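Where a number appears in this text, it was derived from the coordinates with a stated rule and is not lab data. This one's a predicted model, so the numbers in the text were calculated from it and none came from an experiment. No Cβ is skipped: glycine too gets one built from the backbone with ideal geometry, and neighbour counts run over all protein chains shown.
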Amino acid sequence: MTEPIVNDLTIQAATVNGSGSQTANLVLTRAIFKMGIPVAPKNVFPSNIEGLPTWYQLRVTPEGHMARKDRIDILVAFNAATWRDDLKSVRPGGVVIHEESYSTADARTDLVYYAVPFSKLAKAKIPSDTLRKQLANMIYVGVVAGLLGIPWDAVEHGVRRQFLSKPKAVQVNLDAIKVGLDYWQDNFSKQDAYRLEPMTGRVDGKVLVEGNQAAALGALMGGVTVAAWYPITPSSSLCEYLIAYSDRFRTDPKTGDKRIAIVQAEDELAAVGMAIGAAWAGARSMTSTSGPGISLMAEFAGLAYYAEVPVVIFDIQRIGPSTGLPTRTSQGDIGFAYTISHGDTKHLVLLPGSVEECYEFGRDAFDYADRFQTPVFVLSDLDLGMNLWMTPEFKYPEKPFDRGKVLSKEDLDRLGGEWARYMDVDGDGVTYRTLPGTDHPAAGFFTRGSGHDEHARYTERADAYSRNMDRLSKKFETARKAMPAPVIDESAGSSSGLIAFGSTHVAVVEARDALAEAGRPVDYLRIRALPLSPEVAEFVRRHERVYVVEQNRDGQMFDLIRLALPPDLIARLHSIRHYDGQPIPADAVTEPILEAEKVTA
Amino acid sequence: MSTTLNRAGLTRDAYKGAATTLCAGCGHNSITNHMIKALYELGVEPHRLAKMSGIGCSSKTPAYFVETAHGFNGVHGRMPALTTGAQLANRELIMLGVSGDGDTASIGLGQFMHMIRRNVDATYIIEDNGTYGLTKGQFSATADLGSVQKKGAVNTFQPIDPCAVALTLGCTFVARSFSGDGKQVVPLIKAALAHRGTAVLDIVSPCVTFNDHDGSTKSYSWVKDHEESIADVSFIPFFEEVHVDYEPGTVRDVQLHDGSHILLKKLGEDHDPKDRRAALRVIEEGRAQGHLVTGLLYVDPDSADFASTEKLPSTPLKDFEENDLRLSRDDFAQFMAEFA
């Protein structure tokens, strides 16, 4: 037997959608995490309720790498339909745990096979007819626990944690896992090199959170009181978590009164319309959707831009149309969201690169919206939003809400009622507003699109229109300086730099390690917001070659950066794009950079 | 100029707005005046009023009354969403939505229906002229089958009747009137404003420029000749006493949640305004006879509005601050620990 491979492996469970496999995978994830080992799970699922193939990848590394890996160490083959293809993804020397009935007669010979009679075991050992299909998946958890040496207390923790709200389910699941573990112990001796051993110090203070959970918690802490949404994958869970958290934290236990209204709208037009109406009336409001929904919100986004209504729009990006790959990830809405709508519109965009930032930006988006009285888009994606991520615990906010420039009755009394809704009195392009219901005769104004003067009076005069347009531009420039700055790491001191954003971050972190090891270290700038900070151009100026990595076909961010650069710097930019619907692996960053650096060296 | 102060301490002039930019003789201008009268007489405080609209001639009118109130001229057909959101943010606002037949029955039919379904506490006035004015005279979805466009084109499609649609959806207040019938429109606007829930008031309002000719069923002369009022409507606000001096059995009295009363004096056949099926029948029979049935068709004064079904507190949501909305430090720490 070869050298043991400890705590550095990727497990892939290939199962059938709707069979309960996700629960089994999560139990396994939580059990390994309980051992103190960093985990990075990714669920690859079809647009389907039941029957189509689904894969769950669980990557374990001592360093805590969180990007998806193409090469699988341990395959759990639970789906007859895909099993031949699934075998191809396993690295030489890897392990295959498979249903006994799958023939290995002419299968690859460079793998270690463990054949387990899952169906027979389920029939014989799981008494409940109704639960058998679900629990059968737990049997493979037991086999994997045996194979890798996961201690029973960690397995128990995983089950209890997964069934936190259904404690009755704990024992039957543990029983099913025990069936698998017993089978392993009674029938196999270890033929492979993979081991898991408890670690210390790597996951202390860390938790496992989905990006959509983090964003929902962020919105709650940001003070959202009106949320309107229409179901769409992969954003639905954001509002569903918001509902669950609000039931718990925003509901008066005595009266049942709720300090939030969450409305499932009839479509995305209504969803964003309700959010805008609520924001206009003074509530912190939001909607959450994905690409097709963003398309439907285009007209309202333009109205909110011109009427200067603060609203937060979460876009959990995915691949395009509903009849496409709606359950696969993408960073393809960047260019669209940034300028969405009619005429000269441009928007503030937050680009969380971790679940912690999903929480922070989900919270602070409301401050940015109020402060700049404009829509704020928070662009997460399916990978970030729907997968569990290891993260430090989130921090409690120390700052109060920034409600921006809102004039109260007392303010208006003080001003003797002299104010104008669209007058730039502070020179920053941001004007004062009043809320409906403000008890002052001068409070009211008429809100409409672009056809107004400083006093919100209707006009189609050319000078008033262009004055307003210039002021909106000035406001945008004010916001540019206030949005989250890029995170820059120039510790490599390299002449090459790398720019990325969002969920691409984890692949970049790992790629930079690999590049440094290969003698090609690169500096890194992570964009966290649009409009682009002036620091982006500065970073490019300090580096001879800059690679922009993103998960879309056309290099949307690459284009935005090119537009923002002085002409002499444009040639320094190189575009690296990944767009197959799967989260970008580190190799997709490392390899093209090594290739390019070879040429330039 | 009337100098009599209402209960809000305001004169009638305080309810005026900017000068209208609609055509002279437009039915919508009459409705604006009815609105001013109703709001003045009710003593609505302007700061509590939120004037909401979509796009079209009708949707411009909120600029022409109560200039000191907040107003929001939104996007085409989406007034209901804006109104719903604003009502959730501040349930103390008096939401007054003004829409047209294109804004409601064509581009906005979905939102119109869903607002009714939710019973958002708002008045929804349709200034219904059967035509697109701002875009110069195309048919709208409320144009009657066989009615004729100014240049002679005949409408070949069935109309969408906003009142019938509203009734089938369980709308809790449905009325129809005619812009030229101030005696009826004013009390209906008052009743709609007092009603808790979505109050739909479809007001046929002739377009003098594009739809006031022979062959139109939305012209002044056609409506005058064919209007059939089901009852004389009067409205007694909660702050006035009810004096009934009618013969028994001739008047129906509907009490609203705020203590105001709608008095309905029978004109022809007795219509029970709390009988939804009867309301649909009255509309259908009127149509069959070539009449435009007007009046209060249906009201359910005891329904729960959207803010109530959503279990919103009496304090407007917009008024909550950090301490009311954020998790406490302890709850936050405990919640984070659950993710371990």
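Dividing the summed helix terms, -39500 (n - 2.57) for each DSSP H run of n ≥ 4, by the number of residues in chain A produces a 222 nm estimate of -12000 deg cm²/dmol to the nearest 500.
Sorting A:VAL425, B:VAL233, A:VAL599 by the number of Cβ atoms found within 10 Å of their own Cβ, with the fewest placed first, yields A:VAL599, A:VAL425, B:VAL233. Spin-label model, A:LEU52/B:ALA340: points 7 Å from Cα along the beta carbon direction are separated by 3.9 nm.
Contact order, relative form, for chain B: 16 percent (alpha carbon pairs under 8 Å, 6 or more residues apart, mean separation divided by residue count). Of the residues A:PHE361, A:TYR183, A:TYR579, the one whose Cα sits farthest toward the positive end of the charge dipole of the protein assembly as shown, with +1 on the Cβ of Lys and Arg and -1 on the Cβ of Asp and Glu, is A:TYR183. Across the options A:THR61, A:ALA40, A:ASN7, the greatest Cα extent toward the positive end of the charge dipole of the stretch A:1-63 (unit charges at beta carbon of Lys, Arg, Asp, Glu) belongs to A:ALA40. Peptides A:547-554, A:57-64, A:360-367 ranked from most to least packed give A:360-367, A:547-554, A:57-64, packing being the mean of other C-beta atoms within 10 angstrom over each peptide's residues. Of B:LEU145, A:LEU525, B:LEU325, the sequence from fewest to most neighbouring Cβ atoms within 10 angstrom is B:LEU145, B:LEU325, A:LEU525. Mean separation of Cα pairs under 8 Å and 6 or more residues apart, divided by the residue count, gives the stretch A:431-547 a relative contact order of 25 percent. The C-alpha atoms of chain B define a longest principal axis, and helix B:182-194 lies at about 20 degrees to it. Remark: the Cα gyration tensor places the stretch A:157-294 in the prolate category, a/c being 1.5 or greater and a/b exceeding b/c. Averaged over residues, the count of other Cβ atoms within 10 Å places the peptides B:16-22, A:376-382 in the sequence A:376-382, B:16-22, highest first. The length gained by stretching the chain between A:ILE5 and A:GLU410 to full extension, at 0.36 nm per residue less their Cα-Cα distance, is 138.9 nm. Taking the centroid of alpha carbons for each part, the stretch A:487-564 and the stretch A:338-401 are 20 Å apart. Here A:TRP229, A:TRP55 are placed in order of increasing Cβ neighbour count within 10 Å, fewest first, which gives A:TRP55, A:TRP229.
In this label model, B:GLU285 and A:ALA485 are separated by 7.7 nm, measuring between points 7 Å along each Cα→Cβ vector. Would you mind pulling out the separation of the Cα centroids of the stretch B:282-340 and the stretch B:102-140, in Å? The distance from the Cα centre of the stretch B:282-340 to that of the stretch B:102-140 comes to 21 Å. Between the helical axis of A:505-517 and the longest alpha-carbon principal axis of chain A there is an angle of about 60 degrees. Remark on B:PHE72: its backbone amide H falls under 5 Å from those of A:THR447, B:LYS51, B:MET52, B:SER53, a criterion applied only to residues 5 or more positions apart or on other chains, H modelled at 1.01 Å from N.
Each of A:TYR306, A:GLN317, A:SER295 was scored by the projection of its Cα onto the charge dipole of the stretch A:295-353, and the greatest displacement toward the positive side belongs to A:GLN317; charges sit on the C-beta of Lys, Arg, Asp and Glu. Would you please classify the overall shape of the stretch B:118-184 from the alpha carbon gyration tensor, given that a ≥ b ≥ c denote the square roots of the eigenvalues, rounded means a/c under 1.5, and beyond that prolate means a/b larger than b/c while oblate covers the rest? Since a/c reaches 1.5 and a/b is larger than b/c, the shape of the stretch B:118-184 is classed as prolate. With a ≥ b ≥ c taken as the square roots of the eigenvalues of the C-alpha gyration tensor of the stretch A:251-393, please select rounded if a/c is under 1.5 and otherwise prolate if a/b is larger than b/c or oblate if it is not? Verdict is rounded for the stretch A:251-393. Scaling against 2.2 N^0.38 Å puts the C-alpha radius of gyration of the protein assembly as shown at 1.09. Computing FRET efficiency as 1/(1 + (r/R0)^6) for B:HIS213 and A:TYR458, where r is the C-beta to C-beta distance and R0 is 25 Å, gives about 0.25.
Rounded to the nearest 20, the size of the Cβ-charge dipole of the stretch B:56-201 about its Cα centre is 80 debye, with Lys and Arg at +1 and Asp and Glu at -1.
For A:ALA456, the residues whose modelled amide H falls within less than 5 Å of its own, excluding neighbours fewer than 5 places apart on the same chain, are A:ARG421, A:TYR422. With kT/(6 pi eta Rh) evaluated at 10 °C and eta = 1.306 mPa s, and Rh the Kirkwood radius from Cα pairs, chain B diffuses with a coefficient of 77 µm²/s according to Stokes-Einstein. Under a model in which nothing but the beta-carbon of Lys, Arg (+1) and Asp, Glu (-1) is charged, the protein assembly as shown shows a dipole of about 700 debye around its Cα centre. Sequentially through the stretch B:198-214, phi angles give Karplus couplings (6.51, -1.76, 1.60; θ = phi - 60°) of 7, 10, 9, 10, 8, 10, 5, 9, x, 8, 5, 8, 10, 8, 10, 9, 4 Hz, Gly and Pro residues having no value and appearing as x.
3J(HN,Hα) couplings calculated from phi for the stretch A:547-557 with the Karplus curve 6.51 cos²θ - 1.76 cosθ + 1.60 (θ = phi - 60°) are, in sequence order, 9, 9, 9, 7, 10, 7, 6, 9, x, 5, 6 Hz; Gly and Pro show x. The distance from the alpha carbon centre of the stretch B:1-57 to that of the stretch A:56-110 is 73 Å, rounded to a whole number. The mean sequence distance of close C-alpha pairs (under 8 Å, at least 6 residues apart), as a share of the length of chain A, puts its relative contact order at 12 percent.
Net charge dipole, the stretch B:244-340: roughly 460 debye, given to the nearest 20, about the Cα centre with Cβ charges of +1 for Lys and Arg and -1 for Asp and Glu.
Distant-in-sequence amide contacts of B:SER177, defined by a placed amide H-H separation under 5 Å and a gap of 5 or more residues or a different chain, comprise B:ASP202, B:ILE203, B:VAL204, B:GLY295. Rounded to the nearest 0.05, the FRET efficiency derived from the C-beta distance between B:VAL244 and B:CYS23 at R0 = 45 Å is 0.60. Couplings 3J(HN,Hα) of the stretch A:389-394, computed from phi: 10, 6, 8, x, 4, 6 Hz, in residue order, whole Hz [Karplus 6.51 cos²θ - 1.76 cosθ + 1.60, θ = phi - 60°; x for Gly and Pro].
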